[in-house]
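Presented below is the structure to which this report refers.
The values are calculated or read from the model by the stated rules, or taken from the named source; none is laboratory data. Just so you know, these numbers come straight off a predicted model, no measurement behind them. Methodologically, a virtual Cβ is constructed for each residue, glycine included, from the backbone with ideal geometry; neighbour enumeration extends over all protein chains shown.
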Amino acid sequence: MIPQANPGAGYRALKTEIDAAVARALDSGWYILGTEIRAFEAEFAAWLGVSNAIGCGNGTDAIALALRGLGIGPGCTVVTVSHTAVATVAAIEMTGATPLLIDIDPVFYTMDPAALEAVLRGPPAGLPPVKAVVPVHLYGQPADLDRIVPLCRSHGVALIEDCAQAHGARLHGQRVGTFGDAATFSFYPTKNLGALGDGGAVATNDPALAEKIGALRQYGWHKHYISEEVGVNSRLDEIQAAILRAKLPHLDGQNARRRDIAAAFGAALTASPLAPPRQRDDTAHVFHLYVTRSAQRDRLQAALREAGVGSGIHYPVPVHLQPAYTGRIALGPGGCPQTEAAAKEILSLPIYPELTNTDIETICGALRSLRNG
Ligand SMILES: *Cc1c(COP(=O)(O)O)cnc(C)c1O
């Protein structure tokens, strides 16, 4: 079975470089906030095109730290989508802020700007004022920032891009993660830039915000042992930073390989009962996930499994319908019908740079033999 994701293959493909990086970190005798993380933060910021990157424990903490750094917490509403990893919403609640979940557009699966405009003009009664918006560049595709950025600016709310699935994606040639007040990344092993454990980062062009987030990630220390504000412990460790330094130079090439694989799948899906994903104009999608769609999803998933092709569903249950959230989470006017419809029909095919040409032929063959039921 070709698995939908394969982080072990990602390690083996760069084993020599990663093993050397781990050995270097181990030999250094310094394991938390040392030379590796300082170097990674500088290299990642330069690669992205921002002044500062701050490593932290994971992508969820990155969102919470970015929000807290921007002064968002209790008494604030933060708008995001229900069609995302639960992490996005969990991070907002970690800060004490109130999440408000809005719908996606049905073609690109990212935040619906019309729904955003509606809640910025008139937020649902009983909620605190909206202070921040967290669009998610889901599946590796830039959200509609052409409309979202001006809406945030004109309403005076902070914009934090959730780039956990979109390292290297571009809109009009500009990398996502450089459009908002801050951007957050996850280095979970299956992400486009993945550590071999947990990791995350916040990126910003505001050095003062970077300084604040750097303190918040470690007990609010600006100077050692003196907490000037209440912080948390969320640090990217030296071993993970060293691994990420080894992998970063390969990221752009790996994203190009993902795009080539996506093009092959797209060709195999012409006239298929499984609809291929659509790309927003003038974007470079990085295909963290290759998400197809069909009303016959479950039957087609079983047929692919028969043919030795694994798949996944991202995500099967919208956040607002999950047991921990349903009934208490605030939704935009009209709820999230597009999110609910998508959750029933989406199917993620295997996509990662280490898929062999034989794997790709196997997958394309299986896709071409899918029939309407
Ligand atoms: C993975 C992910 C996160 C959270 O990252 P972790 O490192 O697992 O905490 C947040 N948002 C999105 C969209 C993600 O895919």
> If you take the residues in the stretch 25-49 that are over 18 Å from the mean Cα position of the chain (by Cα) and aliphatic (A, V, I, L, M), which one is nearest to residue 165 (Cα to Cα)?
Replying inline: 46
> Failed condition for residue 201, given (1) within 12 Å of the ligand (Cβ to nearest atom); (2) farther than 28 Å from residue 100 by Cβ, with all others met?
Replying inline: (2)
> Among (1) in contact (Cβ under 8 Å) with a residue 24 or more places away in the chain; (2) of a type in the set (A, V, I, L, M); (3) assigned to a helix (DSSP H, G or I), where does residue 114 come up short?
Replying inline: (1)
> Which of the residues that make up the stretch 303-358 are farther than 24 Å from residue 2 by Cα, among the polar types (S, T, N, Q) and free of Cβ contacts under 8 Å to residues at least 24 places away in the same chain?
Replying inline: 326
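Restricting to strands (runs of 3 or more DSSP E) lying wholly in the stretch 125-191: which have 3 or more residues that are closer than 14 Å to residue 59 by Cβ and of a type outside the set (A, V, I, L, M)?
Qualifying strands (runs of 3 or more DSSP E): 182-186.
Please specify each residue of the stretch 291-339 satisfying the condition of being part of a loop (DSSP other than H, G, I, E, B) and among the β-branched types (Val, Ile, Thr). Steps first, answer last, please.
Applying the first criterion (part of a loop (DSSP other than H, G, I, E, B)) to the stretch 291-339 yields 294-296, 307-308, 310-311, 313-318, 322-329, 332-336.
Residues satisfying the conditions are 313, 317, 326, 329.
Which helices (runs of 4 or more DSSP H) sit wholly inside the stretch 1-111 and have at least 2 residues that are under 30 Å from residue 326 (Cα atoms) and touching a residue at least 24 places away in the same chain (Cβ under 8 Å)?
Working: elements: 7-13, 15-28, 35-48, 59-69, 86-94.
It comes to 59-69, 86-94.
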> Of all residues in the stretch 172-192, which are surrounded by fewer than 23 Cβ atoms within 10 Å (Cβ to Cβ) and either more than 8 Å from the ligand (Cβ to nearest atom) or at pLDDT below 95 (or both)?
Replying inline: 172, 173, 174, 175, 178, 179, 181, 189, 190
>> Can you confirm whether residue 319 is under 30 Å from residue 371 (Cβ atoms) and either within 16 Å of the ligand (Cβ to nearest atom) or charged (D, E, K, R) (or both)?
In response: no
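Here is a yes/no grid of residues against (1) of a type in the set (Val, Ile, Thr); (2) more than 30 Å from residue 26 (Cβ to Cβ); (3) part of a helix (DSSP H, G or I):
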{"site": "197", "(1), (2), (3)": "no, no, no"}
{"site": "231", "(1), (2), (3)": "no, no, no"}
{"site": "241", "(1), (2), (3)": "no, no, yes"}
{"site": "249", "(1), (2), (3)": "no, no, yes"}
{"site": "273", "(1), (2), (3)": "no, yes, no"}
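Yes or no, residue by residue, for (1) among the charged types (D, E, K, R); (2) closer than 29 Å to residue 17 by Cα:
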site	(1), (2)
190	no, yes
202	no, yes
208	no, no
211	yes, no
222	no, no
230	no, no
235	yes, yes
243	no, yes
255	no, yes
> Is there a residue in the stretch 106-114 that is within 16 Å of the ligand (Cβ to nearest atom) and of a type outside the set (Ser, Thr, Tyr)?
Replying inline: yes
> List, please: which pairs have Cβ atoms under 8 Å, are six or more places apart or on different chains, and start with a residue in the stretch 129-150 that is crowded, with 24+ Cβ neighbours inside 10 Å and end with one that is basic (Lys, Arg)?
Replying inline: 140/258; 141/280; 142/170; 142/280
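When the residues of the stretch 219-239 are narrowed to those that are of a type in the set (Ser, Thr, Tyr) and under 23 Å from residue 186 (Cβ atoms), which ends up farthest from the chain's Cα centre (by Cα)?
Filtering the stretch 219-239 down to residues of a type in the set (Ser, Thr, Tyr) leaves 219, 225, 227, 234.
Now restrict to residues that are under 23 Å from residue 186 (Cβ atoms): 219, 234.
Numbers: 219: 26, 234: 18 Å.
Looking at residues that are of a type in the set (Ser, Thr, Tyr) and under 23 Å from residue 186 (Cβ atoms), I get 219.
Consider residue 342 carefully, then state whether it is among the aliphatic types (A, V, I, L, M) and either closer than 30 Å to residue 11 by Cα or part of a loop (DSSP other than H, G, I, E, B) (or both). Working first, answer last.
Values: among the aliphatic types (A, V, I, L, M): yes; either closer than 30 Å to residue 11 by Cα or part of a loop (DSSP other than H, G, I, E, B) (or both): no.
Considered against the rule, which asks whether it is among the aliphatic types (A, V, I, L, M) and either closer than 30 Å to residue 11 by Cα or part of a loop (DSSP other than H, G, I, E, B) (or both), residue 342 comes out as no.
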> Quick one: is residue 75 farther than 20 Å from residue 337 by Cβ, surrounded by fewer than 17 Cβ atoms within 10 Å (Cβ to Cβ) and more than 13 Å from the ligand (Cβ to nearest atom)?
Replying inline: yes
>> For a quick check of your reading of the model, give me the residue pairs whose first member lies in the stretch 275-288 and is within 20 Å of residue 342 (Cα to Cα), whose second is of a type in the set (Gly, Ala, Ser), with beta-carbon atoms closer than 6 Å and at least 6 apart or on different chains.
In response: 276/266; 285/140; 287/140; 287/262; 288/140
